[in-house]
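Below is one structure, written out as structure tokens; comments come after it.
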Amino acid sequence: MFNKLRLGKNRNNTSTLRNKIDDIKKSPIPEHVAIIMDGNGRWAKKRALPRIAGHHEGMKVVRKTTKLASELGIKTLTLYAFSTENWKRPKNEVEYIMSLPDEFLGTFLPDLIKENVQVKMMGYKNQLPVHTLRAIEKAIEDTKNNDGLVLNFALNYGSRAEILDGVKQVLNDSKSGKLKETDLDEKVFSSYLMTADFTDPDLLIRTSGEIRLSNFMLWQLAYSEFWFTDVLWPDFNEEHLLEAIETFQKRQRRFGGI
Ligand code: IPE
Ligand code: IPE
Ligand code: MG
């Protein structure tokens, strides 16, 4: 399938990439990869372009990354697209970012359907513009019978709010008798989070050189492997994702054991 996709700029690049993919597939692939897609603004600034040009370029990288994730057999790809704190940005930037799901899904949804991708979203839907939500809900609906890669957009997502809402729900269920205190353990609490249907990320990637989580999946990343790169998100390519996975494959995960 991958040979049919335009990967590198020339044939040589494509075959090197093909070989790398085949090599990497010989070792265990992380089941859930989460990415903090950062650096769009700086990418644009470096080119004397408006910040939104960086977001537009970043959208194309989402498409490429999804294709490769599918090809590698990654089960879930969670992409941090907009945080609960990103509303602090100038109105025109926020509006532009909120138009990207319409554009992305308007362009690529037919391909995602064909490629057996399931689109999902985690985050607070209430504050999203109607057109944004409509585009996402259509994609979720149209791909709900697919069983390939889960492409999970974290949109208007914030981990502290998510945890706090989980706690509130636990208190409600406890009051109503639905949940007994003695039954509440880590697994049960996880089911109160927006990631209830997913396993925890095995690998977290953050681009742009920032070494922080910015309120992303604080509970779920407890034992994930982290991979940081200075590459800005619009420059992130297949080679980088493969490098991250290769590094992951060399790590020894101990989960507190020896
Ligand atoms: C990440 O890129 C995209 C979003 C947060 C929506 P940024 O827009 O944060 O880019 P920088 O960090 O300013 O370069
Ligand atoms: C994190 O990036 C959010 C997303 C990538 C969507 P930010 O650019 O908002 O993070 P900070 O403000 O630098 O921590
Ligand atoms: Mg940023």
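The values are calculated or read from the model by the stated rules, or taken from the named source; none is laboratory data. Because the structure is a prediction, the values reported are computed rather than measured. Positions of Cβ are backbone-derived with ideal geometry, glycine not excepted, and every protein chain shown enters the neighbour counts. Each accessible area value is taken on the protein alone, full model and side chains, heavy atoms only, with ligands, DNA and RNA left out. Shrake-Rupley method; radii C 1.70, N 1.55, O 1.52, S 1.80 Å.
Please compute one quarter of the surface area of the Cα convex hull for region 45-183 and express it in square nanometres. Each step should come with its number before you reach the end.
Details: hull surface 43.7 nm².
Quarter of the Cα hull surface area: 10.9 nm².
Please list, or write none, the lysines whose alpha carbon is within less than 29 Å of the alpha carbon of LYS175, excluding same-chain residues fewer than 8 places away.
LYS125, LYS187
Suppose all protein chains stay in the model; what accessible area per residue would a 1.4 Å probe give for region 132-214, in Å²?
Values: 4650 Å² over 83 residues.
With the other protein chains kept in place, region 132-214 gives 56 Å² per residue.
Per DSSP H run of n ≥ 4, the term is -39500 (n - 2.57); total these for the chain, divide by its residue number, and report the mean residue ellipticity at 222 nm rounded to 500 deg cm²/dmol. Please report the intermediate quantities before stating the final value.
Working: 8 runs with 115 residues, N = 258.
It comes out at -14500 deg cm²/dmol, rounded to the nearest 500.
Taking amide H positions as placed 1.01 Å from N in the peptide plane, with prolines and chain starts having none, which residues 5 or more places from VAL150, or on another chain, fall under 5 Å of its amide H?
Hits under the 5 Å cutoff: THR76, LEU77, GLN118.
Suppose R0 equals 41 Å. What FRET efficiency, 1/(1 + (r/R0)^6) with r the Cβ-Cβ distance, do ARG254 and GLU85 give to the nearest 0.05? Present the calculation step by step, with values, prior to reporting the outcome.
Details: r = 33 Å, r/R0 = 0.80.
Computed FRET efficiency for ARG254 and GLU85 comes out at 0.80.
Heavy-atom accessible area per residue, region 1-120, 1.4 Å probe: how many Å²? It would help to have the intermediate numbers written out before the result.
On the way: 6200 Å² over 120 residues.
Counting only protein heavy atoms, the per-residue value for region 1-120 is 52 Å².
With only alpha-carbon pairs counted, each pair once and no self-pairs, how large is the Kirkwood hydrodynamic radius of region 23-79 in angstroms?
On the way: mean 1/r = 0.0787 Å⁻¹.
Radius from the Kirkwood sum: 12.7 Å.
Only bridges with both residues in the chain count here: give the DSSP antiparallel percent, nearest 5.
Values: 0 of 25 bridges.
Once the DSSP bridges in the chain are tallied, antiparallel ones form about 0 percent.
Heavy atoms only, probe 1.4 Å: what % of the accessible area of region 105-243 goes to carbon and sulfur, would you let me know?
Details: 3650 of 7210 Å².
The C+S portion of the solvent-accessible surface of region 105-243 is 51 percent.
Within the set LYS25/LYS60; LYS114/LYS138; LYS67/LYS88; LYS138/LYS178; LYS46/LYS67, which residue pairs have Cα atoms separated by over 21 Å? It would help to have the intermediate numbers written out before the result.
Details: LYS25/LYS60 24 Å; LYS114/LYS138 15 Å; LYS67/LYS88 32 Å; LYS138/LYS178 33 Å; LYS46/LYS67 27 Å.
Over 21 Å Cα-Cα: LYS25/LYS60; LYS67/LYS88; LYS138/LYS178; LYS46/LYS67.
Let a ≥ b ≥ c be the square roots of the eigenvalues of the Cα gyration tensor of region 199-258; is it rounded (a/c under 1.5), or, if not, prolate (a/b larger than b/c) or oblate? Walk me through the intermediate numbers first.
Numbers: a/c = 2.37, a/b = 1.37, b/c = 1.73.
It is oblate, given that a/c is not under 1.5 and a/b is not larger than b/c.
I need the Debye-formula profile for the chain: one equal scatterer per C-alpha, no solvent, reported as log10 I(q)/I(0) at q = 0.07, 0.12, 0.14, 0.18 1/Å, two decimals.
So the normalised log intensities work out to -0.25, -0.75, -1.03, -1.62.
With only alpha-carbon atoms counted, please give the Rg and Dmax of region 119-258, in Å.
17.6, 52
For ARG206, ARG89, ARG212, what's the largest-to-smallest order of accessible area, 1.4 Å probe? Could you put the intermediate results ahead of the total?
Values: ARG206 10, ARG89 80, ARG212 130 Å².
Solvent-accessible surface, decreasing: ARG212, ARG89, ARG206.
Looking at PHE104, ASN116, ALA81, which one has the Cα that reaches farthest to the positive end of the dipole of region 76-121 (charges on Cβ: Lys, Arg +1; Asp, Glu -1)?
Of PHE104, ASN116, ALA81, it is ALA81.
Using DSSP H assignments, which helices in the chain have an axial alpha-carbon span of 15 Å or above and a mean Kyte-Doolittle hydropathy of 0.0 or higher? Before the final figure, lay out the partial values.
Details: long enough: 11-24 (20 Å, -1.41); 51-72 (32 Å, -0.50); 91-114 (35 Å, 0.03); 130-142 (18 Å, -0.17); 159-175 (24 Å, -0.56); 238-250 (18 Å, -0.66).
Helices passing the filter in the chain: 91-114.
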